[in-house]
1. Given R₀ = 25 Å, what would the calculated FRET efficiency be for Q22 paired with I232, taking r from the Cβ atoms and rounding to 0.05?
2. Which residue, I199, T159, G31, has the largest displacement toward the positive end of the dipole of the chain when charges sit on each Cβ (Lys, Arg +1; Asp, Glu -1)?
3. Shape of the range 1-94 from its Cα gyration tensor (a ≥ b ≥ c, root eigenvalues): rounded if a/c is under 1.5, otherwise prolate when a/b > b/c, or oblate?
4. Output the 0 to 90 degree angle, nearest 10, between the alpha-carbon long axis of helix 164-193 and the longest principal axis computed from the alpha carbons of the chain.
5. Computed FRET efficiency, Cβ-Cβ of I88 and F187, R0 30 Å: what is it to the nearest 0.05?
6. Going by average Cβ neighbours within 10 Å, how do the peptides 77-86, 63-72 rank, with the highest at the top?
7. Return a whole-number percent for the relative contact order of the chain, with Cα pairs under 8 Å and 6 or more residues apart as the contact set.
8. Report the equivalent ellipsoid semi-axes for the chain in whole Å, largest first, defined as the square roots of five times the eigenvalues of the gyration tensor built from alpha carbon atoms.
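The values are calculated or read from the model by the stated rules, or taken from the named source; none is laboratory data. These numbers were taken from a predicted model, which means no experiment stands behind them. Ideal geometry is used to build each Cβ from the backbone, glycine not excepted, and the neighbour counts take in all protein chains shown. Side chains are part of the model used for accessible areas, which takes the heavy atoms of the whole protein and leaves out ligands, DNA and RNA. Shrake-Rupley method; radii C 1.70, N 1.55, O 1.52, S 1.80 Å.
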Amino acid sequence: MSTIIGLIIILGILMVVVGGQQGWLALVSVGINFALVFLALVLMVWHFPPLVITVLFGIMVLAITIFMGDENLNVTIPAFWASVIVLIGMLMVAFVVVYLAQAQGFGLEDSDDLEGLSLLVRTSFLQLQLAIVILSTLGAIAEAAIAVTTGMAELKSQTPEITMKRLQQSGWHMGQQIVGTTLNTLFFGFFGGLLALFIWFTGLHYTMSEVLNNKIFVAEMLTALLSFLAVIITVPVSAKMAVFQWSRAN
């Protein structure tokens, strides 16, 4: 048994023991999302349009993550629609940012790995970079949306007399509490993933200007910053969407 399989088994057992049925559903959703992302990569290799694949599979990943993460439709439906709105908005923002940054493709540090390989992959590296950015933000978007709507739904059930305006303000306030921790999680994930690259920069005495203009660093930094932006935008959109749906239901 390999180490990875062993860790997956331990993770599955702990998720079921701690989370019960919901933990089991979360584990299943991770497996389904992994299969969807793998299928998306295969379709991109077969030269299907990366942007179309990203949008379609991104929406499916959001749906599975959110609807399998909570059984309360008053929580999941507004969270899902808020996530889709943020996804489309971030796609437009990311297109402009990635196009202006021109950070797609490979850097000089990849030259040894690419030696002897053909670069005629017949796929737009701009669209591939956009796909990477969007797929990297899905987890953060879904987490922020479900956290806001869950808190608002609980507050609504505990205080039925609360007004929708006050409920939306409370949703914004709850969102402010999770933004700080979420941003720190994303930052340390970004830093940990690039630790080897930072050691490379230090060992080869890169200047600050060389680091800030390095393709690999810029591409990862753009992904992290756009993830931060997506989380921040998700908070008010989720609060507004929840109030909108609950107002219509009443």
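1. Values: r = 27 Å, r/R0 = 1.09.
So, using R0 = 25 Å, E works out to roughly 0.35.
2. It is T159.
3. Details: a/c = 3.09, a/b = 1.27, b/c = 2.43.
Because a/c hits 1.5 or more and a/b fails to exceed b/c, the range 1-94 counts as oblate.
4. 20 degrees
5. On the way: r = 25 Å, r/R0 = 0.84.
Working from the Cβ atoms, E equals 0.75.
6. On the way: 77-86: 24.6, 63-72: 18.1.
Descending mean neighbour count gives 77-86, 63-72.
7. Details: 232 pairs, mean separation 64.7, N = 250.
Once divided by the residue count of the chain, the mean separation gives 26 percent.
8. Working: eigenvalues 249, 93, 70 Å².
Whole-Å semi-axes of the equivalent ellipsoid: 35, 22, 19.
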